[in-house]
Amino acid sequence: MKFACVDTSTFTESVALVEGETLWGERSVRRPYGHAPGLHADLRELLKEVNWSLDSLDALVVGIGPGSFTGLRVGMAAIKGLAYALKKPVYGVSTAVALLAALADQREALALIDARRGELYAYGDLISEPMCLTPEALIDHLKESDHVPRVLVGEGAIKHQAILREAWPEVYLPLNTATHLPRAGLLATGLAAGIESGEVTPDDVALLEPIYVRKSDAEINYPDGFPSEARLFS
C-alpha cells in the first residue's frame with residue numbers, strides 16, 4: 001500500500017511517502033510561522049521526486065497530535081481535503097505514537113511534546129492516556145505510581161531536560177536531534193500490516209478530530225461561546 005503521510009503538530013512540518021514499511025521519500029521543514037503556505041507544495045514536490053501521482057496513493061495518513069492547535073488544524077484540513085477530492089481512505093495516528101516508533105525499545109519510554117507555556121504533552125508506556133502538564137506535575141504523577149521512565153523523546157524532553165534529569169538521573173535522552181522531531185514517515189509504522197489483517201480500519205473523514213488534550217484559549221476565555229457583535233454592544 002502506498003501512503004502519503006503528513007504531520008504538522010509542531011513547528012516542524014513533515015511529509016513522507018511510504019509503501020508498506022518502505023520509506024520512499026521524506027522531508028521535514030521548520031516552519032515557526034505556520035505550515036499553510038508550504039504544505040501542499042512540499043507534498044507535490046515529494047511526489048514528483050519519487051515519481052508517484054496523487055491517484056497512485058492508496059491512503060492518506062495524518063498526525064493527530066497532541067500538539068499545536070493551529071498546526072494540527074492545518075494538517076488535518078489538508079489531508080481531509082485530499083481524501084474527499086481523491087476518494088481515498090484516511091488514517092489518523094497519534095504524533096506521540098510516531099515519536100515512540102523511532103525507538104528500538106519502547107518499554108518505559110515517554111514521548112514529551114513541547115506544549116509551550118511551561119507544559120508538556122506526555123504519552124507512553126507509563127501513561128495510559130495523553131496528558132498536558134508541567135514537568136514538575138509529570139514527575140509527581142509518576143512518583144505516585146512508583147514509575148521511573150527509562151527513555152525520554154521529543155522536543156519537550158530536550159527543553160525541560162534539566163529538571164527531568166534532576167528527578168531521574170539515569171534517564172536516557174537520544175543524542176540524535178532528529179529523533180526528537182515528529183517524522184511523518186513513522187506515522188505509517190505497522191499500518192499496512194494492520195490494514196491487511198483487519199485490525200486497523202479507516203477513520204471517518206468527517207468525524208476525525210485532533211488530540212488536543214487541553215482546552216483552547218477560546219474555550220477557557222469564553223466557556224459559554226464567543227459573544228456576537230450585538231452582544232458586545234448590549
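The values are calculated or read from the model by the stated rules, or taken from the named source; none is laboratory data. Since this is a predicted model, take the numbers as computed values, not measurements. Methodologically, a virtual Cβ is constructed for each residue, glycine included, from the backbone with ideal geometry; neighbour enumeration extends over all protein chains shown.
A few comments on the model shown:
- Strands (runs of 3 or more DSSP E) fully within segment 1-70 counting 1 or more residues that are hydrophobic (A, V, I, L, M, F, W, C) and farther than 16 Å from Gly92 by Cα: 22-30
- Against the conditions (1) within 14 Å of the chain's Cα centre (by Cα); (2) outside any helix (DSSP H, G or I); (3) under 17 Å from Ala192 (Cβ atoms), Val97 satisfies every one except (2).
- Of all residues making up segment 13-39, the number that are touching a Gly at 6+ places or on another chain (Cβ under 9 Å) and closer than 22 Å to Pro210 by Cβ: 11
- Some residue of segment 105-117 being at pLDDT 95 or above, of a type in the set (A, V, I, L, M, F, W, C) and closer than 24 Å to Leu17 by Cα: yes
- The C-beta contact set for segment 37-53 (first residue more than 18 Å from Val74 (Cβ to Cβ), second residue among the hydrophobic types (A, V, I, L, M, F, W, C), distance under 8 angstrom, 6+ apart or interchain) comprises Leu47/Ala4; Leu47/Leu17; Leu47/Leu54; Val50/Leu17; Val50/Trp24; Trp52/Leu17; Trp52/Trp24; Ser53/Leu47.
- Residues of segment 132-155 classified as more than 28 Å from Leu17 (Cβ to Cβ) and in a helix (DSSP H, G or I), total: 10
- In the condition set (1) assigned to a loop (DSSP other than H, G, I, E, B); (2) outside the structural domain of Glu19 (by TED's automatic domain parsing); (3) of a type outside the set (A, V, I, L, M, F, W, C), Tyr121 is compliant with all but (1).
- Pairs where the first residue, in segment 69-94, is within 17 Å of Tyr212 (Cβ to Cβ) and the second is surrounded by fewer than 21 Cβ atoms within 10 Å (Cβ to Cβ) and among the aromatic types (Phe, Trp, Tyr), C-beta under 7 Å, 6+ apart: Phe69/Tyr212
- Flag if Ser53 is hydroxyl-bearing (Ser, Thr, Tyr) and under 18 Å from the mean Cα position of the chain (by Cα): no
- Filter result for Tyr84 (in the same structural domain as Leu60 (by TED's automatic domain parsing), under 19 Å from Thr8 (Cβ atoms) and surrounded by fewer than 20 Cβ atoms within 10 Å (Cβ to Cβ)): yes
- Out of Arg30, Arg107, sole residue that is out of contact with any Phe, Trp or Tyr (no Cβ under 9 Å at 6 or more places or on another chain), touching a residue at least 12 places away in the same chain (Cβ under 8 Å), on the phi < 0 side of the Ramachandran plot and surrounded by fewer than 19 Cβ atoms within 10 Å (Cβ to Cβ): Arg107
One line per residue, one yes/no per condition, for (1) assigned to a loop (DSSP other than H, G, I, E, B); (2) surrounded by fewer than 16 Cβ atoms within 10 Å (Cβ to Cβ); (3) not assigned by TED's automatic domain parsing to the domain that holds Leu60:
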site	(1), (2), (3)
Arg165	no, yes, yes
Glu170	yes, yes, yes
Leu175	yes, yes, yes
Ala192	no, no, no
Val200	yes, yes, no
